[in-house]
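Everything on this sheet refers to the single structure shown next.
Derivation of every value follows stated rules applied to the coordinates shown; laboratory data play no part. Computed from a predicted structure; not experimentally measured. As a convention, Cβ positions derive from the backbone with ideal geometry for all residues, glycine included, and neighbour counts pool all protein chains shown.
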């Protein structure tokens, strides 16, 4: 990171019932987190033609590998430009909070589809320039689409699969106390999660679910800033990195609690070697 490194030397001298309200309170009080979305059971709980509405909240933490870095620099005093390769590195502890409105539909007896629309907030710090910088991000839109299917059933035991795809674009700025100007930051993430596993209904109606899952992530990050170089010249620089295409296997476990024949509450935990998530969902079927 040749250009920024030299700049830093100068900058160092930058819901239903009360449970619905409870879910919102939890979402506001939990610490942040990214990537990964709640998955819910691997088997469908909807019959053909049935709908469900819900609120989903997730909190997860993830490390992102940034590769294929490039930079471009424009000198406003001399009209000269320079470009080259930027160092690859790990963006550590990338955290987000997501809250979704969820709409599901049973397309036939053993399969459903769902759509989530919601908001995401993200944060990370001191990973790109190691100058005490923090990512200041306003809430952005995010969406997720997916499907569940049951392919085996024996009494209270079922086996099924789920797959979902999510997208988010995060616009914000990097700030550090010693920087005279903030740095614009744009991050795009596309993720796929696929799981296969069992569900088991206990005597009290609680559904236990989980199993192994696959997580795929890719995207890109762009950083742009203005600064003064060591000659006192006005510089604009832009850095871009690919978020490395990576696939990871992990596991998850969850429980679905039944309040009545229409209302359910899910809580689950997901874990991979590079990310983890706590997910909560409130669901109403009709």
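Add -39500 (n - 2.57) for each DSSP H run of 4 or more in the chain, then divide by its residues: what number comes out at 222 nm, to the nearest 500 deg cm²/dmol?
Helices in the chain give a 222 nm mean residue ellipticity of -2500 deg cm²/dmol.
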Based on the Cβ-Cβ distance of residue 81 and residue 259, what FRET efficiency does E = 1/(1 + (r/R0)^6) give at R0 = 51 Å, to the nearest 0.05?
0.20
Cα centroid distance between the stretch 271-286 and the stretch 170-213, in Å?
9 Å
Using the count of nearby Cβ atoms within 10 Å as a rough guide to exposure, how do 116, 285 rank from fewest to most?
285, 116
For a label point 7 angstrom out from the Cα of residue 53 toward its Cβ, which stretches of the stretch 80-102 have the backbone nitrogen within less than 15 Å?
100-102
Among the Cα-Cα pairs of the stretch 2-285, the proportion with separation greater than 30 Å, in percent, is 38 percent
Sorted by Cβ neighbour density within 10 Å, fewest at the top, the residues 234, 93:
234, 93
Where does each of 170, 207 land when they are ranked from fewest to most other beta-carbon atoms within 10 angstrom?
207, 170
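How much length would be gained if the chain were fully extended between residue 201 and residue 286, taking 0.36 nm per residue of separation minus their Cα-Cα distance, in nm to one decimal?
The residue 201-residue 286 span can extend by a further 28.5 nm.
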